[in-house]
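Beneath this line is the structure, given in structure tokens, with notes to follow.
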Amino acid sequence: MSLPVLTGRYEQLAVEVFADRIALGNSAGAAAADALRQCLARQENVRIIFAAAPSQNEFLAALGTAEGIDWSRVTAFHMDEYIGLPPDSEQRFSHYLNSHLFEVVHPGTVHLIPAWEDADRICRHYADLIRQAPIDMVCLGIGENGHLAFNDPPVADFRDPAVMKTVELDPVCRQQQVNDGCFATLDAVPTHAVTLTVPTLMAAGRLFCMVPGAQKRAAITAMLREPVSTGCPATILRTHAHCRLFTDRDAFGENLHG
């Protein structure tokens, strides 16, 4: 496992900076696997929420090959999904997580978000599943606009009473999906989605946040240096007692120099 080129702490947030995204993914995968093994050693089942994005590729690959994990005792969720895409669409986040992790490790229970159904019904049903027991871990990234899941700045609420809600996607968020190569054009990106809310994510016992790449540099700088506010939703991660940010030189940028 590669060592970070820099470590630090921003309020309660532990930050580890790696030379590149491969080293980042390998180290984050090893850290999350170790936390998962610890949870399984002290409890019968572990509940984890996963992000679906190209930023998670290396992390999920490393996690999927980690040894000594009884995935049959893991219940897996994902944090958001587009509204309006057909069930067989390759752009659906459930498709991404199935191919990158779930079909590799075969968790005992996987709760996919059926976002071709009625959005209000989806939110009620998924909220009921989330409420059944505490969430032990969240594996997430942040957006170019600092979003967490699909909690973009215009709709993020740090005191949101909902567990999951329907949102209209911010134009910056939609453009990111094109930048990431997930959609060919902006017009092809859905305008609405369902997302777990910020309090739902923050209620987890441990958070692992993987953010590689130069396109995330402005978001990382805002996340670490701006006041905690919904103007950059990711700033709230600085208040979680057990959150680790894994990033790379490209994303951390000028922050390397203080």
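In summary, the convex hull built on the alpha carbon positions of the chain has an orientation-averaged projected area of 12.4 nm².
Share of pairwise Cα-Cα distances greater than 20 Å in segment 125-210 is 37 percent (whole percent). The rule of thumb for compact globular proteins, 2.2 N^0.38 Å, goes into the C-alpha radius of gyration of segment 1-108 1.16 times.
How many angstrom lie between the Cα centre of segment 59-100 and the Cα centre of segment 229-258? Computed from Cα coordinates, the inter-centre distance equals 24 Å. DSSP finds beta bridges in segment 119-258, and of those with both partners inside it, around 45 percent are antiparallel.
For the chain, hydrophobic long helices are taken as DSSP H runs at least 20 Å long by C-alpha position along their axis with mean Kyte-Doolittle hydropathy of -0.5 or more; these are 21-42. Here segment 37-170 is described by how far its Cα atoms reach on the three principal axes: 41, 29, 28 Å, from widest to narrowest. Between Asp120 and Thr185, full extension at 0.36 nm per residue minus the direct alpha carbon distance yields a gain of 20.6 nm. Taking all protein chains together, Glu226, Glu11, Glu16 sort by accessible area into Glu11, Glu226, Glu16, largest first [probe 1.4 Å]. The figure for Thr7 is an accessible area of roughly 90 square angstrom, using a 1.4 Å probe on the protein chains alone.
Each principal axis of segment 210-253 carries a Cα extent, and these read 24, 22, 12 Å when sorted largest first.
The values are calculated or read from the model by the stated rules, or taken from the named source; none is laboratory data. This one's a predicted model, so the numbers in the text were calculated from it and none came from an experiment. Ligands, DNA and RNA are excluded from the accessible area calculation, which covers all protein heavy atoms including side chains. Shrake-Rupley method; radii C 1.70, N 1.55, O 1.52, S 1.80 Å.
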